[in-house]
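Working notes for the structure below.
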Amino acid sequence: MLKEITYKNPLTFVVPKPYIVVNKRAEACLLMEYVNGHRFDSIFLHYLINESHKSKDILNSFGVALGEFHSLTLENLPQSSFPLTPSQLKKEVILLSENLEQKEIINKNLLHRILDFTETAQVSDKIFVTVTLHGELYFTHVFVLSDKFVLFDLHNILRGPSYFDLAMFALSIRVSLAFSAFSTRKFDPLLCSFLMGYYKNHCEKKIFESIKVAEIYVALREIMSLCYLKKIPLIVRLQNALKIQRLRHVIDQSVKADI
């Protein structure tokens with residue numbers, strides 16, 4: 001897959017060159033080239049502290065790069081099972097919310113605010129365009145070079161609606177413990193720049209609201225998956241509990257925020 005992407009000669013991003021697969025008993029490891037780039041962490045912190053316009057420009061450029069990645073035509077990719085219409089997306093948010101309330105993972109107050117937000121939110125058809133998804137687009141899976149971006153961890157690549165990557169990237173920033181001292185809304189201008197780059201400056205207010213709904217869907221989905229993990233070490237359970245708490249906080253801030 002990495003070689004196939006490399007042969008496409010993308011203009012705005014690269015993937016690490018694969019060298020060899022090392023098999024050891026039942027496990028396998030892929031050795032790839034070393035890439036010396038910058039992490040997004042420092043770019044976000046620079047913005048949060050100094051409100052750097054350069055940080056916005058970088059996020060805008062990454063939006064352009066993700067658009068190019070999404071446009072790739074690759075062979076034999078699996079198809080996602082994510083919601084494909086506004087009504088399906090809203091229905092999934094409602095079902096996940098109600099299930100988590102029954103499991104006492106979220107309280108009734110948060111449930112009602114999620115339902116109210118979802119019912120009134122306008123969701124654009126534009127976010128449902130079928131594309132080639134990264135599938136796990138955390139900001140930690142991207143490096144910044146001087147003129148391009150490096151995309152890592154493409155083991156979940158698949159075909160599906162564009163909103164999944166857009167929402168996953170946004171959510172990974174808001175939920176990160178590295179930025180827990182800052183309001184999740186502080187990232188809105190950066191994410192607006194990111195979406196403006198992705199939609200080539202044709203990004204109306206409805207798009208931002210749509211991605212908010214998609215973020216809630218991805219967050220609820222993540223919480224549900226963590227709830228099903230059984231027989232895991234204590235340290236992992238504690239980490240998951242902390243992550244669920246942070247995801248709940250992000251959802252709470254999203255349904256409170258004025259769009």
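Check whether at least one residue in the stretch 97-111 is among the acidic types (Asp, Glu), in contact (Cβ under 8 Å) with a residue 60 or more places away in the chain and either over 30 Å from ARG39 (Cα atoms) or in contact with a Cys (Cβ under 7 Å, 6 or more places away or on another chain) (or both), and report yes or no.
Looking through the stretch 97-111, none of the residues is among the acidic types (Asp, Glu), in contact (Cβ under 8 Å) with a residue 60 or more places away in the chain and either over 30 Å from ARG39 (Cα atoms) or in contact with a Cys (Cβ under 7 Å, 6 or more places away or on another chain) (or both).
Restricting to the stretch 112-122, and then to whatever is surrounded by 14 or more Cβ atoms within 10 Å (Cβ to Cβ) and touching a residue at least 24 places away in the same chain (Cβ under 8 Å), can you tell me which residue is farthest from SER80 (Cα to Cα)?
Our first condition is that a residue be surrounded by 14 or more Cβ atoms within 10 Å (Cβ to Cβ); within the stretch 112-122, this holds for 113-115, 117-118, 121.
Right, trim to touching a residue at least 24 places away in the same chain (Cβ under 8 Å) and you get 113-114, 117-118, 121.
Numbers: ARG113: 28, ILE114: 25, PHE117: 26, THR118: 22, ALA121: 24 Å.
In this case the residue turns out to be ARG113.
Just need a number here: residues in the stretch 219-239 that are over 14 Å from LEU100 (Cβ atoms) and assigned to a helix (DSSP H, G or I). Spell out the reasoning first.
From the stretch 219-239, those over 14 Å from LEU100 (Cβ atoms) are 229-239; that's our starting set.
Still in the list and also assigned to a helix (DSSP H, G or I): 234-239.
Residues flagged as over 14 Å from LEU100 (Cβ atoms) and assigned to a helix (DSSP H, G or I) within the stretch 219-239 amount to 6.
Would the stretch 169-182 turn up any residue that is polar (S, T, N, Q), touching a Gly at 6+ places or on another chain (Cβ under 7 Å) and in contact (Cβ under 8 Å) with a residue 12 or more places away in the chain? Before the answer, list the steps.
Quick first cut of the stretch 169-182, residues polar (S, T, N, Q) only: 172, 176, 180.
Now drop any that are not touching a Gly at 6+ places or on another chain (Cβ under 7 Å), which leaves none.
Among the residues of the stretch 169-182, not one is polar (S, T, N, Q), touching a Gly at 6+ places or on another chain (Cβ under 7 Å) and in contact (Cβ under 8 Å) with a residue 12 or more places away in the chain, which makes the answer no.
Condition test on SER225, is it under 21 Å from the mean Cα position of the chain (by Cα) and loosely packed, with under 11 Cβ neighbours inside 10 Å?
Considered against the rule, which asks whether it is under 21 Å from the mean Cα position of the chain (by Cα) and loosely packed, with under 11 Cβ neighbours inside 10 Å, SER225 comes out as yes.
For the stretch 7-52, which residues satisfy the criterion of being of a type in the set (Ser, Thr, Tyr), at pLDDT 80 or above and more than 23 Å from the chain's Cα centre (by Cα)?
The one that is of a type in the set (Ser, Thr, Tyr), at pLDDT 80 or above and more than 23 Å from the chain's Cα centre (by Cα): TYR7.
Quick test for you: out of LYS148, LYS90, LYS126, pick the one residue that is among the charged types (D, E, K, R), closer than 21 Å to ALA214 by Cα and in contact with a Ser or Thr (Cβ under 7 Å, 6 or more places away or on another chain). Before the answer, list the steps.
On the way: LYS148 fails: closer than 21 Å to ALA214 by Cα; LYS126 fails: in contact with a Ser or Thr (Cβ under 7 Å, 6 or more places away or on another chain).
Within the list LYS148, LYS90, LYS126, the selection yields LYS90.
Within the stretch 123-146, is even one residue exposed (fewer than 14 other Cβ atoms within 10 Å of the Cβ), free of Cβ contacts under 8 Å to residues at least 24 places away in the same chain and part of a helix (DSSP H, G or I)?
So far as the stretch 123-146 goes, no, none of its residues is exposed (fewer than 14 other Cβ atoms within 10 Å of the Cβ), free of Cβ contacts under 8 Å to residues at least 24 places away in the same chain and part of a helix (DSSP H, G or I).
Can you say whether PHE194 is of a type in the set (Phe, Trp, Tyr), more than 14 Å from the chain's Cα centre (by Cα) and within 23 Å of SER52 (Cα to Cα), as far as the supplied structure shows? Spell out the reasoning first.
Numbers: of a type in the set (Phe, Trp, Tyr): yes; more than 14 Å from the chain's Cα centre (by Cα): no; within 23 Å of SER52 (Cα to Cα): yes.
No; evaluated as a whole, the condition is false for this residue.
Scan the stretch 236-248 and give yes if some residue there is of a type in the set (D, E, K, R) and farther than 20 Å from LEU111 by Cβ, otherwise no.
Of the residues in the stretch 236-248, the ones of a type in the set (D, E, K, R) are 237, 243, 246, 248.
From what's left, farther than 20 Å from LEU111 by Cβ: 237.
Yes - at least one qualifying residue is present in the stretch 236-248.
Out of curiosity, is ILE173 assigned to a helix (DSSP H, G or I), at pLDDT 90 or above, over 20 Å from LEU133 (Cβ atoms) and out of contact with any strand residue (DSSP E or B) (no Cβ under 8 Å at 6 or more places or on another chain)?
Working: assigned to a helix (DSSP H, G or I): yes; at pLDDT 90 or above: yes; over 20 Å from LEU133 (Cβ atoms): no; out of contact with any strand residue (DSSP E or B) (no Cβ under 8 Å at 6 or more places or on another chain): yes.
In short, no.
The values are calculated or read from the model by the stated rules, or taken from the named source; none is laboratory data. Predicted model only: the values in this text are computed from it and were never measured. For neighbour counting, all protein chains shown are included, and Cβ atoms are generated from backbone atoms with ideal geometry for every residue, glycine included.
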